[in-house]
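Taking it in order: structure first as structure tokens, then the write-up.
The values are calculated or read from the model by the stated rules, or taken from the named source; none is laboratory data. Keep in mind that what you see is a predicted model, and the values were worked out from it rather than measured. Because the Cβ atoms are built from the backbone with ideal geometry, glycine has one as well, and the counts that use them run over all protein chains shown.
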């Protein structure tokens with residue numbers, strides 16, 4: 001590439017130092033507003049670019065790649081998830097894609113534990129009583145009693161990097177047993193004290209069920225009515241993987257009928273979840289707005305890695321974190 005490569009950045013408020021690194025070697029243009037760029041505007045702005053820096057849910061599909069043109073070499077997404085990217089189409093067109101695994105492991109693991117504790121110990125309900133002035137009204141010995149982690153069984157669906165991070169953070173809570181399930185057994189799981197079981201056995205035996213697996217055709221809505229019916233009535237369900245893992249109607253039914261005790265979600269379908277969605281009406285369902293990676297150093301690191309991926313791809317070098 002004889003002239004400076006052209007790179008489009010999808011918003012103006014990414015880490016300035018990382019974007020400056022990009023500017024030193026590339027001609028950078030960006031969407032000037034901090035609200036979401038409309039799809040039509042995005043397709044116009046990517047035309048003629050050699051690389052694009054974006055994030056979910058902005059789709060990289062045939063339409064996007066056609067609009068960009070044959071000179072497009074690299075797409076960098078500031079995410080570990082890639083459901084918004086047509087990987088096969090990118091491969092076919094020889095467009096390299098970089099993403100940001102590992103960097104957000106600690107942040108998502110921390111939030112997973114936070115949501116689990118909030119749901120299990122009925123924190124949302126407690127806050128509502130404090131703010132609503134009903135704290136101390138009609139007190140009983142079992143008022144706002146939840147479920148603790150001590151002597152419990154925790155089941156993790158997807159013992160990847162984040163799953164391991166969650167397990168290590170829960171160990172000090174005196175958990176009795178850790179179970180996990182997935183496509184295959186993990187070589188280091190025994191050293192972590194985790195036992196591999198079937199999905200069905202995990203559901204039936206666990207006091208806490210944590211979903212942190214990828215969304216695929218095989219895992220789509222794996223947490224459905226049948227799955228919830230296998231869980232203990234005292235179980236707490238947590239999802240920080242992807243919203244599509246869960247049949248939300250089935251979850252609502254399970255929470256309102258007492259099939260399970262409580263749930264904590266950082267991911268939903270759709271996102272944002274409408275304020276009047278049935279799940280938002282439940283005291284025993286803690287929902288956060290997909291903030292698993294929302295930790296300052298983590299977000300800066302994600303942008304820095306994305307820039308490093310883009311520069312490596314433009315220079316024909318191996319990407320630090322290559323998706324395809």
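With respect to residue 143, determine if the residue is out of contact with any helix residue (DSSP H, G or I) (no Cβ under 8 Å at 6 or more places or on another chain) and either without any contact (Cβ under 8 Å) to a residue 24 or more places away in the chain or closer than 30 Å to residue 281 by Cβ (or both).
yes
Given the conditions (1) part of a loop (DSSP other than H, G, I, E, B); (2) at pLDDT 95 or above; (3) over 23 Å from residue 128 (Cα atoms); (4) assigned by TED's automatic domain parsing to the domain that holds residue 184, report the number of the one that residue 216 does not fulfil.
Residue 216 satisfies every listed condition except (2).
Could you list all residues from region 281-296 that are loosely packed, with under 15 Cβ neighbours inside 10 Å and over 19 Å from the mean Cα position of the chain (by Cα)?
281, 283
Hey, among 256, 288, 216, which residue is within 24 Å of residue 80 (Cβ to Cβ) and in contact (Cβ under 8 Å) with a residue 12 or more places away in the chain?
Exactly one of 256, 288, 216 is within 24 Å of residue 80 (Cβ to Cβ) and in contact (Cβ under 8 Å) with a residue 12 or more places away in the chain, namely 288.
Which of the following residues is assigned by TED's automatic domain parsing to the domain that holds residue 154, at positive phi, at pLDDT 95 or above and out of contact with any helix residue (DSSP H, G or I) (no Cβ under 7 Å at 6 or more places or on another chain): 241, 258?
On inspection, the qualifying residue turns out to be 258.
Would you confirm, using the coordinates I've provided, whether residue 98 is assigned by TED's automatic domain parsing to the domain that holds residue 309, at pLDDT below 95 and either within 15 Å of residue 211 (Cα to Cα) or over 13 Å from the mean Cα position of the chain (by Cα) (or both)?
Taking the combined requirement at face value, the residue does not satisfy it.
Find the strands (runs of 3 or more DSSP E) located wholly in region 102-206 whose residues include 3 or more that are at pLDDT below 95 and under 23 Å from residue 289 (Cα atoms), and list them.
Because the criterion is at least 3 residues that are at pLDDT below 95 and under 23 Å from residue 289 (Cα atoms), no strands (runs of 3 or more DSSP E) in region 102-206 meet it.
Does residue 296 count as free of Cβ contacts under 8 Å to residues at least 24 places away in the same chain and either over 22 Å from residue 209 (Cα atoms) or not assigned by TED's automatic domain parsing to the domain that holds residue 117 (or both)?
It is true that residue 296 is free of Cβ contacts under 8 Å to residues at least 24 places away in the same chain and either over 22 Å from residue 209 (Cα atoms) or not assigned by TED's automatic domain parsing to the domain that holds residue 117 (or both).
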